[in-house]
Amino acid sequence: MTFVSRLILVAALSVIAAVVAVAVIAFNASDRVGAEIERARVSNLLGTLRGSTEANLSIGLQLDQVSLLQPRIEREKAGDPSILAIDVFNAAGRAIFSTDRSVIGEEVSPGWVRRLNTDEVWTTVERGDTVFGIRFENDLGVAGGISITVSDEARSARADRLGLDLATRTASLSVVAALLAAAAAGIFVYVLTRPFDRVARILRDDGTTAREDGTLSVLAESTLHSWRQAEAQVDRGLGQLGALDDAA
C-alpha cells in the first residue's frame, strides 16, 4: 500500500471513528436526560401528593380518613400511561390507598418502609419497573410514604427508536464524511507532493523548468546545471585523454 493510500485510509477511518463516538455520546446523553426528565416529573407528582396528604393530616385527620386521596391517585394514574401504580401506605408498611384496590390493606415491600428514614425521593427497581417514593409526616413525625411505580417499557422503546435513528444517520454521515476526508487527504497529498514531483521531473531533465513559487525547483535546476557542467568536463577530459593516447 502506497503512502497516499495509507494516508487516505487513516483519514477516512479517523473521521468515521469520530462520527461514531459523537453518536454514542449523544445517545448516552439523551438517555440520561430522558431519565432525569422522568425523575423530575415523578418527583413533582410525589411532592404534590405529599403536600396534599400532609395538609389533611395537619388538621387532625388520620391517614385512612383522607378519602380524597383515593380518587386523586386514580386520576393521576389515568392521566399518565407510564404510571403502573400509586400506593399510599402508613409508617407500619400497610397500604391505605392504592390504584390497585386489591392491595389495599396489604403490606407493601419492606424496602419501601426502610426508605422512610430519608426525606429525599428514593428510587428502586422491582420486577423490571422503577419505583419512586417519598415519605410524608404529621405532627408526631413520619406518618407513612407514597410510592409511584413507573413502567420502563416506554423509556426503553424511546431509547430503541433513538438508537435506530442514530445508527441510520451515523451510517449515512460516516459514508459522506469518509468520502470528504478521502478527498481532502488526496488534495492535501497533491499540494504537499507537487513541489517534489516538479523537482523529480527537473532532475530527470524532461524539459520541466523551475518556477518562482518554490526554492526547491530553483535548487533542482541549479543541480541539473551542475550535473551538465560536470558531464561536459568529464567528456572534455576523456577527449583530451583520447587525444594523448592517439599522439603517443
- [ ] Would you mind pulling out the separation of the Cα centroids of region 139-194 and region 90-130, in Å?
- [x] 36 Å
Open item on the list: Given axes a ≥ b ≥ c from the Cα gyration tensor, I'd like to know whether region 78-137 is rounded (a/c under 1.5), prolate (a/b larger than b/c) or oblate.
Closed with: oblate
TODO: Take each of the peptides 172-178, 141-147, average the number of other beta-carbon atoms within 10 Å over its residues, and list them starting from the highest.
DONE: 141-147, 172-178
- [ ] Could you work out the Rg to Rh ratio of region 1-123, with Rh taken as the Kirkwood radius (inverse of the mean 1/r over all Cα pairs)?
- [x] 1.36
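Where a number appears in this text, it was derived from the coordinates with a stated rule and is not lab data. All of these numbers come straight from a predicted model, not from anything done at the bench. Because the Cβ atoms are built from the backbone with ideal geometry, glycine has one as well, and the counts that use them run over all protein chains shown.
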